[in-house]
Structure formats: structure tokens, C-alpha cells
Amino acid sequence: MFSKKLIELTDKLISACRKKDIKFATAESCTGGLIAGCITSVAGSSDVFERGFNTYSNNAKSEMLNIPIDMIIANGAVSKAVAIAMCEGALKAAPVQLTVSVTGIAGPSGGTIEKPVGTVHIASARVGRRTVEQPHHFVGNRDEIRMSTVTRALEMMLNQV
């Protein structure tokens, strides 16, 4: 299901977290659980992967990650502020030291001039460190945008280990 390159990246993340005794969680919107799916496709991932929050709707973001609806409305679900709030909310909601969040527009519809299809915000939080966030504009069809998001999210987490 996932490419060999993506599985190798996931295995590196799992090994690095295992060596440092780091547990992690995901908070996903536009990927709809693909990051968690990729992680759990690797045997032994349960050593470090605690849980995934599949927060596709604004209500899910608010209920599961404690993000105020007013923040989502003010900034838009696809924004730096919401991506940061998602990963920090996951860090508070789960017994983990590391999280990643993704929120974006995978298309083919839903884009605007300000936020075209392919716009994705990825953020990662680690206990004791400053939260990092990166905006991206991925190109391709819906599947390609989502898989690019998975890859970049895993790379971001690996950099946080």
C-alpha cells in the first residue's frame, strides 16, 4: 500500500523513537488517518505509536483536541494557527512526548485564491521544545497531495526526535 521509500522513512522514525524511549501521536485532517496507517504498517510500531486523532471535521478538532471553534473560524481550518493547536492539543490529550498534525486542502475542489488546492500546514510538537510548523503547497492529484503530506509529516517528526 505504501511505497518502499515511505516504509523505510517510517522505520527510521520508529527506530529513533524506540532508542530515545519517545512515544508519539498523530492529529490528522486532510490525510484522514494515512499517517497512522503508514506507521502501523510497520511491525513493532506499537512500541512507540500511542494513538492517532482523525480530526477531519472542525467539530472533531474542537472535541478531540480542545481547539476553540472561534479559533478555527477566525483562522480557517487550514492555517498555521490550527496546525499548531492540533499538534499541541494532541500532546495534551495523549501520554506522548511527540506529535505531528496536518491540515490542508487535498482537492480536487475546496481551494481558493488564498488557499489553493495543495495548501497544507504541518506542525510538530515535542515536550520541552518549541513547536515547529511548515506551510506547503503540494502539486498533483488528491492522492499525490495526501501522500506528499504523509512523507513530509514523517520527516518533520523524525527531525524532532
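The values are calculated or read from the model by the stated rules, or taken from the named source; none is laboratory data. Everything numeric in this text was worked out from a predicted model, so none of it was measured. All Cβ positions, even for glycine, are placed from backbone atoms using ideal geometry, and neighbour counts span all protein chains on display.
Scanning segment 38-60 for residues that are within 16 Å of C87 (Cα to Cα) and touching a helix residue (DSSP H, G or I) at 6+ places or on another chain (Cβ under 6 Å), we see that the one that is surrounded by the fewest Cβ atoms within 10 Å (Cβ to Cβ) is N58.
With the condition kept exactly as written, say whether any residue in segment 105-117 is among the polar types (S, T, N, Q) and closer than 25 Å to S3 by Cβ. No, segment 105-117 has no match at all.
Quick check: anything in segment 35-43 more than 14 Å from the chain's Cα centre (by Cα), in contact (Cβ under 8 Å) with a residue 40 or more places away in the chain and not in a helix (DSSP H, G or I)? Spell out the reasoning first.
Pass one, segment 35-43, residues more than 14 Å from the chain's Cα centre (by Cα): 40-43.
The next check asks that each one be in contact (Cβ under 8 Å) with a residue 40 or more places away in the chain; those that pass are 41.
Right, trim to not in a helix (DSSP H, G or I) and you get 41.
Looking through segment 35-43, at least one residue is more than 14 Å from the chain's Cα centre (by Cα), in contact (Cβ under 8 Å) with a residue 40 or more places away in the chain and not in a helix (DSSP H, G or I).
Of all residues in segment 85-111, those being over 17 Å from the mean Cα position of the chain (by Cα) and either under 22 Å from N59 (Cα atoms) or part of a strand (DSSP E or B) (or both) number 4.
Conditions (1) touching an Asp or Glu at 6+ places or on another chain (Cβ under 8 Å); (2) modelled with pLDDT of 95 or more; (3) farther than 20 Å from T10 by Cβ; (4) of a type in the set (S, T, N, Q), marked per residue:
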residue: A85; (1), (2), (3), (4): no, yes, yes, no
residue: P95; (1), (2), (3), (4): yes, yes, yes, no
residue: T103; (1), (2), (3), (4): no, yes, yes, yes
residue: P108; (1), (2), (3), (4): no, yes, yes, no
residue: H136; (1), (2), (3), (4): no, yes, no, no
residue: D143; (1), (2), (3), (4): no, yes, no, no
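Scanning segment 126-144 for residues that are touching a strand residue (DSSP E or B) at 6+ places or on another chain (Cβ under 7 Å) and assigned to a helix (DSSP H, G or I) yields nothing. Name the single residue that is surrounded by the most Cβ atoms within 10 Å (Cβ to Cβ) among those in segment 83-116 being in contact with a helix residue (DSSP H, G or I) (Cβ under 7 Å, 6 or more places away or on another chain) and under 20 Å from R142 (Cα atoms). Of everything passing the filter in segment 83-116, S101 is surrounded by the most Cβ atoms within 10 Å (Cβ to Cβ).
If you go through segment 121-146 and keep only what is hydrophobic (A, V, I, L, M, F, W, C) and closer than 25 Å to K23 by Cβ, you end up with I122, A123, A125, V127, V132.
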